[in-house]
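**Q** Before I ask anything, let me first share the structure, which is written out below as structure tokens.
The values are calculated or read from the model by the stated rules, or taken from the named source; none is laboratory data. On a predicted model such as this, the values are computed, not experimentally measured, just so you know. Neighbour counts are summed over all protein chains in view; Cβ atoms, including those assigned to glycine, are modelled from backbone coordinates with ideal geometry. The accessibility values were calculated without ligands, DNA or RNA, using every heavy atom of the protein model including side chains. Shrake-Rupley method; radii C 1.70, N 1.55, O 1.52, S 1.80 Å.
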Amino acid sequence: SPASADEAERKAALDVFLLDSGEPGATPQVIAAARQFLREHPSSPLRAEVSMKLGEMLYRQGDYVGARSVFTDIGTNFADSPFAEKAQFLAAESAARSLTPNGREDAV
């Protein structure tokens, strides 16, 4: 649970979310911070939340293949998470937008 995350983890996760100003120029910074968090805190209880933000930022940036990978990972590895269902939906949305030969078929 988020309560079991230590203070440094909580601060690092919060920083990811605070970097998201909604402006397109902030997206690369949010992606970098999320990836750094996931690298530095591999067993954090906040992984699902930060992964969801990473997937959303990749999607916003137009990296639908990357977003799909992140969302699929959330649906698989955090199936009990409150983010799992939304992640599965967004994985399908990403597949549909990816313009890969199997993307639309996989989305269905």
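**Q** Once you put a point 7 Å from the Cα of Asp80 and another 7 Å from the Cα of Ala96, both along the Cβ direction, what distance in nm separates them?
**A** Here the modelled spin labels are 3.1 nm apart.
**Q** A further question on this structure: Within the chain, what whole-number % of the accessible surface is contributed by carbon and sulfur, with the 1.4 Å probe and all protein chains included in the calculation?
**A** The computed percentage sits at 52.
**Q** Treat every Asp and Glu Cβ in region 23-99 as -1 and every Lys and Arg Cβ as +1, leave all other atoms uncharged, and give the resulting dipole magnitude about the Cα centre to the nearest 20 debye.
**A** 140 debye
**Q** At Arg35 and Glu7, where each label point lies 7 Å from the Cα along Cα→Cβ, what is the point-to-point distance in nanometres?
**A** With each label point 7 Å from Cα toward Cβ, the separation is 3.0 nm.
**Q** Rounded to the nearest 500 deg cm²/dmol, what is the calculated helix-only ellipticity per residue at 222 nm for the chain, with -39500 (n - 2.57) per DSSP H run of length n ≥ 4?
**A** -22000 deg cm²/dmol
**Q** Just the Kirkwood number for region 1-64, please: inverse of mean 1/r across all distinct Cα pairs, in Å, one decimal.
**A** Across region 1-64, the inverse of the average 1/r is 11.7 Å.
**Q** Using a 1.4 angstrom probe, figure out how much accessible area the chain has per residue, in square angstrom, rounded to the nearest whole.
**A** Per residue, the chain has 59 Å² of solvent-accessible surface.
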